[in-house]
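*Asks:* Take this structure, written in structure tokens, and hold onto it; I'll ask about it next.
The values are calculated or read from the model by the stated rules, or taken from the named source; none is laboratory data. Please read all numbers here as calculations on a predicted model, not as lab measurements. Cβ placement follows ideal geometry from the backbone for every residue including glycine, while neighbour counts extend to all protein chains displayed.
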There are 4 protein chains.
Amino acid sequence: MTADYPTALGASSRETITLLGHDLARDVMGSVGFGELAFWLATQRRPEPGEVRVFEAVLAALADHGFTPTAIVTRLTYLSAPDSVQGALAAGLLGGGSRFLGVTEDTGRFLDDVLARLEGDAPVDDAGWDALALTTVQAQRAAGRFVPGLGHHVHKDGDPRTARLMQIAREEGHFGPHLALFGAIGRVHSQVLGKTLPLNGAGVCGAALADLGLPLPLLRGFALLARTAGLIGQLAEELRTPVGNEIFLSVDRHNRSVAPVPWEAS
Amino acid sequence: MTADYPTALGASSRETITLLGHDLARDVMGSVGFGELAFWLATQRRPEPGEVRVFEAVLAALADHGFTPTAIVTRLTYLSAPDSVQGALAAGLLGGGSRFLGVTEDTGRFLDDVLARLEGDAPVDDAGWDALALTTVQAQRAAGRFVPGLGHHVHKDGDPRTARLMQIAREEGHFGPHLALFGAIGRVHSQVLGKTLPLNGAGVCGAALADLGLPLPLLRGFALLARTAGLIGQLAEELRTPVGNEIFLSVDRHNRSVAPVPWEAS
Amino acid sequence: MTADYPTALGASSRETITLLGHDLARDVMGSVGFGELAFWLATQRRPEPGEVRVFEAVLAALADHGFTPTAIVTRLTYLSAPDSVQGALAAGLLGGGSRFLGVTEDTGRFLDDVLARLEGDAPVDDAGWDALALTTVQAQRAAGRFVPGLGHHVHKDGDPRTARLMQIAREEGHFGPHLALFGAIGRVHSQVLGKTLPLNGAGVCGAALADLGLPLPLLRGFALLARTAGLIGQLAEELRTPVGNEIFLSVDRHNRSVAPVPWEAS
Amino acid sequence: MTADYPTALGASSRETITLLGHDLARDVMGSVGFGELAFWLATQRRPEPGEVRVFEAVLAALADHGFTPTAIVTRLTYLSAPDSVQGALAAGLLGGGSRFLGVTEDTGRFLDDVLARLEGDAPVDDAGWDALALTTVQAQRAAGRFVPGLGHHVHKDGDPRTARLMQIAREEGHFGPHLALFGAIGRVHSQVLGKTLPLNGAGVCGAALADLGLPLPLLRGFALLARTAGLIGQLAEELRTPVGNEIFLSVDRHNRSVAPVPWEAS
């Protein structure tokens, strides 16, 4: 007996193509926006408009941040291999790991873990969320761990995306427990840490995605989807205003040859 | 003097983040859909709603086609390296080369080349387009080259995406010369080739993207953006209904060991 | 002041090229084998011949294992994008993560951690190593963690690479504490686990690389280097005896369309 | 009937592992060097020592050239995603396309095409090769095409790798027609082009690999194999003397925000 491979995603016969159980040409093309479709593909349920608006706000928040390492990598790879747009995009996405894009996923998972361990009902007011946030931050500090989503190297007085995304989520009725806990962490952490740090944009995006019920193991994937659009923008700009070669030369020109130093095992 | 690196994409200061010259939090998040944003990032001009509808129809057409090589690759890479979602997505995108996703770009470029070489004005009616299409197909045949976008291994009687995308483009007033020429090729090619082939979905997408004025050297990039959403869907399904290991075993179990055969240089 | 970027690797002037402080053309090309060079590049010290022999035995052990997920991925990516050999190789390497190639690195790090925490001198005889191995396996079991490098899904009675690599390391005088501890784990683990598992090849490779003093954070990198040679072999075979399309079709033909199931957040 | 998948590469049973028809543990590990093994995997024939020496000289020539775009990309990707060594290596390799590493393959294929079109026997002396080289360079110039492998932006008076590799190939009896034609191009091109350009190292490597009978469609793959070793060296240096963050900041600090300029379709 040979296995078969079930899928609810794309399928086609001689006459029709279906996607998620719908006729692609008749019912999806022309009717379903791209953000909506990405949400639908990931969850196999069609989001309602309010969910789409929050989701697309997250994608906008994460699409491009200028000359990040991922943007530089995509431009340099295109410089080296202009025959392969897919290689330039893939190389840029490979920087979407733990340090940069990972904050979105780390924050969503962290908040979800706290909520999953809650005994009894979730808090019903700010005071309740603040109490939960306080014990959460205290526990992290006691364990010597950072609170994901807290702090930003540029927006030290507040990341403008954070308040805006919370507002949009409220407007659409999708300000759920992850955002509530994240907001409370923003209010109380200074009592524990002795200083006030901003709730960063990557973190609030993770909280919002978790409140939308998107798959936690793939939160990083949505940051990568957003970034794919941003990297195409970087390539389009590189075509007209190339800087890749100048970046390469700026490094190469400041190369300083030094003597080898043998690696010493620890 | 050190070079500087101009960009109109993302920029940030302590208080604000701008994207394409707009305040990201205030003017983009919550107001700009993801397809619209991707278009805007690639062209540095904000599309109007009709353009967005055509563009998003293209992205829907290309997002997922079931168990394509790219989908299989993403699932197998996730099986091997579940710690790296970015690696699984990047690996899948690397299959977006000349054979599969490349048709979109090849078709857009091909049609654009024909139009760029036109002496005099573009045709104004179907008869005019048919005449141009006829000489175009004849020239390709004489040169021993295929016409990109013609033919499909499954949808032999017509790819349902083609008529639908043309309809949407017409509804929105974006049925331009690339789609007109592509449609005419569909009407006349059998006179030259002696058989009727369908205009395929990847090809019509390339024609539509070209009519929208998107950067031709990056048409493949839009197919990759669509596919990124599809591959996230594949991963989300793999999390719940894994088939990667079964695919691997189905190959491994049918492995047949043969004797080496020395490579002979031509 | 502009930073400069120190490097002891490649450098060039109008007349000469140096690598690791040596004249590339005169002193490296024609004199230094490729395994030796890879070792030298990673550690910035030239290995002596015995080290090279052990190192190259490790690379041989890890180069190719037939139709692994990485091999399948490389073949399918080449099928989709034959214009980009670099994409096909990169896609295959992206499967070199925690589950498959990661064992080499995990084992090397695990053994090194145990040795680093040793109080007093390392054991001097088998009895001493057995005692250390016993407490090590007991501690892992108590913590509910696996011992890396132990067990194999095919070579249940012993992985032939393990004894051979230990023999080569002994012949060359590079059977150090990591291999000694790994060997002892092989002898004693059944006392704790109640069953006898083989020491696998990936694990013994990690132990040997650690004994050679190679950088622990990059042990996975050497497995990837070995695999790059294997994947080139896979591509060369695919050119002559293609199976990629058949693998794709075998999956596609057994595709079974099912109804979408909405994702439920935990 | 289910297809099976033939391979002469790795295979394993419960007791043994074979590679290229040989017992891996007994006959390959400890006996076969890594360069030799890579050659063998690619061609399915075991090279003799002289071939290995030429092949490894090529790999040494291509392994690392300091802060190339591929090296910068690997370092930046590791900065962003330190959890994924495979991602950092893969990203670097994706720069191995037409512009940089591609010269090796382009030169090998170009020379081979000329030789394949030869009517009658190949030249037997320098005068004969010079005559063939002259018509070859003239034909390229007439067609408005470059001669691959000719010219270097740094080594304007001669690339030191070129003479050295030719010498090694002669010593080992593997100075074949590709190298002979390439050498002749070096002697005669100034008669056609009116200036003297160096034969570059990437080009001579392609000629040498072609003379060794390695698969022409994969010549780029050998450059990528060499570069994998180089990129591991880059990562090992980055671990100890990190420059990735400084490179990122040097770009980010010189970011200049400009107004968007709408893309104009051609």
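*Asks:* Considering (1) over 30 Å from residue A:250 (Cα atoms); (2) more than 14 Å from chain C (Cβ to nearest Cβ); (3) β-branched (Val, Ile, Thr), say which one residue B:74 fails and leave the rest.
*Replies:* (2)
*Asks:* Can you report the number of residues in segment B:141-169 which are within 17 Å of residue B:109 (Cα to Cα) and surrounded by fewer than 20 Cβ atoms within 10 Å (Cβ to Cβ)?
*Replies:* Within segment B:141-169, residues that are within 17 Å of residue B:109 (Cα to Cα) and surrounded by fewer than 20 Cβ atoms within 10 Å (Cβ to Cβ) number 2.
*Asks:* Can I ask one more? Looking at C:107, C:70, which one is within 16 Å of residue C:223 (Cβ to Cβ), in contact with a Pro (Cβ under 7 Å, 6 or more places away or on another chain) and at pLDDT 95 or above?
*Replies:* That would be C:107, the only listed residue that is within 16 Å of residue C:223 (Cβ to Cβ), in contact with a Pro (Cβ under 7 Å, 6 or more places away or on another chain) and at pLDDT 95 or above.
*Asks:* Considering only residues that are more than 8 Å from chain A (Cβ to nearest Cβ) and at pLDDT 95 or above, which ones fall in segment D:93-103?
*Replies:* D:93
*Asks:* Exactly one condition in (1) under 18 Å from residue A:236 (Cβ atoms); (2) out of contact with any Leu (no Cβ under 7 Å at 6 or more places or on another chain); (3) more than 14 Å from chain D (Cβ to nearest Cβ) is false for residue A:63; which is it?
*Replies:* (2)
*Asks:* Quick one: count up the residues across segment B:66-101 that are in contact (Cβ under 8 Å) with a residue 12 or more places away in the chain, in contact with a Leu (Cβ under 9 Å, 6 or more places away or on another chain) and surrounded by fewer than 24 Cβ atoms within 10 Å (Cβ to Cβ).
*Replies:* Of the residues in segment B:66-101, 1 are in contact (Cβ under 8 Å) with a residue 12 or more places away in the chain, in contact with a Leu (Cβ under 9 Å, 6 or more places away or on another chain) and surrounded by fewer than 24 Cβ atoms within 10 Å (Cβ to Cβ).
*Asks:* If you don't mind, another one. Where residues in segment C:68-127 are assigned to a helix (DSSP H, G or I) and of a type in the set (Lys, Arg), which of them is nearest to residue D:103 (Cα to Cα)?
*Replies:* Once the filter is applied, the top-ranked residue is C:75.
*Asks:* Oh, and also: For segment B:157-169, does any single residue satisfy the condition of being touching an Asp or Glu at 6+ places or on another chain (Cβ under 6 Å) and in a loop (DSSP other than H, G, I, E, B)?
*Replies:* For segment B:157-169, residues touching an Asp or Glu at 6+ places or on another chain (Cβ under 6 Å) and in a loop (DSSP other than H, G, I, E, B): absent.
*Asks:* Also: Scan segment C:235-266 residue by residue and report those that are at the interface with another protein chain (Cβ under 7 Å from one of its Cβ atoms) and assigned to a loop (DSSP other than H, G, I, E, B).
*Replies:* Passing the criteria: C:241, C:243, C:254, C:258, C:259, C:260, C:261, C:262, C:263, C:265, C:266.
*Asks:* Next up: So is residue B:154 on the phi < 0 side of the Ramachandran plot and modelled with pLDDT under 95 or not?
*Replies:* Answer is yes for this residue.
*Asks:* In addition: Would you confirm whether any residue within segment A:192-206 is touching a Ser or Thr at 6+ places or on another chain (Cβ under 8 Å), more than 12 Å from chain B (Cβ to nearest Cβ), basic (Lys, Arg) and surrounded by fewer than 17 Cβ atoms within 10 Å (Cβ to Cβ)?
*Replies:* no
*Asks:* Hey, another quick one. Do we have any residue at all in segment A:256-266 that's of a type outside the set (Lys, Arg) and within 24 Å of residue D:81 (Cβ to Cβ)?
*Replies:* For segment A:256-266, residues of a type outside the set (Lys, Arg) and within 24 Å of residue D:81 (Cβ to Cβ): present.
*Asks:* Within segment D:40-57, restricting attention to residues that are assigned to a helix (DSSP H, G or I) and either touching a Lys or Arg at 6+ places or on another chain (Cβ under 8 Å) or of a type outside the set (A, V, I, L, M, F, W, C) (or both), which residue is nearest to residue D:171 (Cα to Cα)?
*Replies:* Per the criteria, the residue is D:50.
*Asks:* I'd like to verify a number: residues in segment D:5-45 that are without any contact (Cβ under 8 Å) to a residue 24 or more places away in the chain, touching a helix residue (DSSP H, G or I) at 6+ places or on another chain (Cβ under 9 Å) and of a type outside the set (Ser, Thr, Tyr), how many?
*Replies:* 20
*Asks:* Can you spot a residue in segment B:194-213 that is in contact (Cβ under 8 Å) with a residue 24 or more places away in the chain and of a type in the set (D, E, K, R)?
*Replies:* There is at least one residue in segment B:194-213 that is in contact (Cβ under 8 Å) with a residue 24 or more places away in the chain and of a type in the set (D, E, K, R).
*Asks:* Specify which of the listed residues (B:187, B:161, B:170) is in contact (Cβ under 8 Å) with a residue 12 or more places away in the chain, on the phi < 0 side of the Ramachandran plot and within 14 Å of chain A (Cβ to nearest Cβ).
*Replies:* B:161 is the lone residue from the list that is in contact (Cβ under 8 Å) with a residue 12 or more places away in the chain, on the phi < 0 side of the Ramachandran plot and within 14 Å of chain A (Cβ to nearest Cβ).
*Asks:* Follow-up. For segment A:103-128, enumerate the residues that are touching a residue at least 12 places away in the same chain (Cβ under 8 Å), farther than 21 Å from residue B:86 by Cβ and under 24 Å from the mean Cα position of the chain (by Cα).
*Replies:* Listed by number, the residues that qualify are A:111, A:114, A:115.
*Asks:* Out of all the residues in segment B:3-21, is one or more among the acidic types (Asp, Glu) and at pLDDT 95 or above?
*Replies:* Looking for residues that are among the acidic types (Asp, Glu) and at pLDDT 95 or above, one finds none in segment B:3-21, hence no.
*Asks:* Looking at segment D:178-210 only, could you name the residues that are assigned to a helix (DSSP H, G or I) and farther than 22 Å from residue C:17 by Cβ?
*Replies:* D:178, D:180, D:181, D:184, D:187, D:188, D:189, D:190, D:191, D:192, D:193, D:210
*Asks:* Name the residue that is farthest from residue D:239 (Cα to Cα), counting only residues in segment C:1-39 that are facing chain D (nearest Cβ under 8 Å) and assigned to a helix (DSSP H, G or I).
*Replies:* The qualifying residue farthest from residue D:239 (Cα to Cα) is C:26.
*Asks:* Can you spot a residue in segment C:213-234 that is of a type outside the set (Val, Ile, Thr), over 25 Å from residue D:87 (Cβ atoms) and either within 14 Å of chain D (Cβ to nearest Cβ) or surrounded by fewer than 17 Cβ atoms within 10 Å (Cβ to Cβ) (or both)?
*Replies:* Yes: one or more hits.
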